[in-house]
Amino acid sequence: MFEHVDAYPGDPILTLNENFQKDPRQEKINLSIGIYFDDDGRLPVMKAVREAEAAMLADLGPKPYLPMAGFAPYRDAVQALVFGDDCATRTEGRIATVQTLGGSGALKIGADFLKRYFPQAQVWVSDPTWENHRFIFERAGFTVNTYPYYDDATGGLKFDAMLSAIDALAPRSIVVLHACCHNPTGVDLNDAQWEQLIAVLQKRELLPFVDMAYQGFGSNLDEDAFAVRELARRNAPMLVANSFSKNFSLYGERCGGLSVLCESAEQAQRVVGQLTSAVRSNYSNPPTHGAKIVTKVLTTPALNQMWRDELAAMCRRIADMRVAIHDRLSRHIGGEALSRYVKQRGMFTYTGLDAGQVDRLREAHGVYILRSGRMCVAGLNARNVGPVADAISKVLV
Ligand code: PMP
């Protein structure tokens, strides 16, 4: 019956991560997967999360199904964090938000919704982008194209080429944008560039789908949401996928949200209904535990502040590691190419290493990064940054 089923070649990132686990070398270093580790190389349990969870355990109750759209206080807390407390569209009830299975679930529910109501549209993603963008939108039935983004030569952004490609798209094309901490390159638009891009999106009547998986890891929670909030301020229709996997270190709890900015409260009600219908036909309703943790932290002032402080410290640690690897590498190599380590933002840096160099880094030195050259700088720490920089300098010669 299943003779015709192909072998799954595996996801390149997750497979590499599994290979790392199997590698018997003591000194191996994993900078492949997008996970934040602390300075001891451990996956942190945030203090605010621990406290919220302890309070929940002390008050265990029954576990009914959540509503299909998710836990209502969670949905409200998502909106406040993504759009800002004082956002006018929010108080006017024009944002349709559902709880989702992480950022991936938000993209999937959004893609299914869009395929139903914009069946002719095509999707445009940055070149390069997180691989799963393509998989999710193709699986939902879309043709996925790319717009120029990363400039190999400078380690920066091809902003003019990006803008003119987007300026030539058909109305109602869906443009997937990374709000901050672009995965895989670490290259973001500045505020002035966002303003220009948003003007083009509006002029061309394009539909932005903003993916915000790293809010709080670029500058801070508010600045990282600049694009989303500016789109909202200008009343641009959009979808936003947000994730608490990274900024709450709650990867396995699958906490995310999908929000759609609508023209009226009545329209938002209809959109929530259709998002709910997409949830129903995918998995009926989302899980409870993680959503309760996030809600408790976000809606309890003391826990909220504790979480913000902890997240800010994580963000600072990444910035410190960027400086550390930059400085250590500059002992071996010079030139402008190194500035990418400090200019790029968030968890990832495109090192500029080619696939052969990446293979040598892994085989000879036990340092795992992606074959595209993407390094997760959030996996660096005071102990491994020296050996990593030394290994990179060796594969470069
Ligand atoms: N979008 C981007 C750009 C990501 O990097 C990730 C996580 N790697 C996601 C979405 C999905 O996040 P989640 O794990 O919450 O599904």
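How large is the dipole of region 65-299 about the Cα centre if only Lys and Arg carry +1 and Asp and Glu carry -1, each at its Cβ, rounded to the nearest 20 debye? Write out the running numbers ahead of the final one.
Working: 21 positive and 24 negative charges, 199 e Å.
Its charge dipole is roughly 960 debye.
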| note | By the mean-Cβ-within-10 Å protection proxy, highest first, 378-388, 342-352 rank as 342-352, 378-388
| note | The correct pair for the chain, radius of gyration to one decimal and Dmax as a whole number, both in Å and from Cα atoms, is 21.1, 62
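Nearest-5 percent of antiparallel DSSP beta bridges in region 125-220? Walk me through the numbers before you get to the answer.
Details: 2 of 10 bridges.
Here the share of antiparallel DSSP bridges comes out near 20 percent.
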| Hey, can you rank 321-327, 43-49 by average C-beta count inside 10 Å, highest first? | 321-327, 43-49
| Within the set Lys292/Lys343; Lys246/Lys343; Lys108/Lys296; Lys296/Lys343; Lys158/Lys394, which residue pairs have Cα atoms separated by over 32 Å? | Lys292/Lys343; Lys296/Lys343
| request: Compute the Rg to Rh ratio over region 65-299 from the alpha carbon atoms, using the Kirkwood formula for Rh, and round to two decimal places. | output: 0.94
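Relative contact order, percent, of the chain when contacts are C-alpha pairs under 8 Å separated by at least 6 residues? Before the final figure, lay out the partial values.
Values: 707 pairs, mean separation 102.4, N = 397.
This gives 26 percent for the chain.
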| field | Ranked Cys376, Cys255, criterion: other C-beta atoms within 10 Å, fewest first | value | Cys376, Cys255
| request: Would you tally the net charge around Ala179, using a Cβ to Cβ cut-off of less than 11 Å, leaving Ala179 out, and scoring K and R as +1, D and E as -1? | output: -4
| note | Measuring from the longest principal axis of the C-alpha atoms of the chain, the long axis of helix 12-22 (C-alpha) lies at a number of degrees, nearest 10, equal to 50 degrees
| In bins 10 Å wide, starting from 0, what share of all Cα pairs of region 253-397 does each bin hold, as a percent? | 10, 27, 20, 21, 17, 5, 0
| query | What aspartates and glutamates could a cross-link reach from Lys22, if we take a straight Cα to Cα line under 19 Å and drop same-chain neighbours fewer than 8 places away? | reply | Asp11, Asp359, Glu363
| remark: Rounded to the nearest 500, the 222 nm mean residue ellipticity computed for the chain from DSSP H runs (n ≥ 4, each -39500 (n - 2.57)) alone is -14000 deg cm²/dmol
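Just for the chain, what percent of DSSP beta bridges are antiparallel, to the closest 5?
On the way: 18 of 36 bridges.
Looking only at bridges with both residues in the chain, the antiparallel portion is about 50 percent.
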| query | Once you charge only the Cβ atoms, +1 for Lys and Arg and -1 for Asp and Glu, what is the size of the charge dipole of region 100-188 about its Cα centre, to the nearest 20 debye? | reply | 500 debye
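Report the gain in length on full extension from Asp151 to Tyr117: 0.36 nm times residue separation, minus Cα-Cα distance, nm rounded to one decimal.
On the way: separation 34, 0.36 × 34 = 12.24 nm, distance 3.44 nm.
The Asp151-Tyr117 span can extend by a further 8.8 nm.
Coordinate-derived values only; no laboratory data. Not measured: the values here are computed from a predicted model. Please note: Cβ atoms are built from the backbone with ideal geometry, for glycine as well, and neighbour counts cover all protein chains shown.
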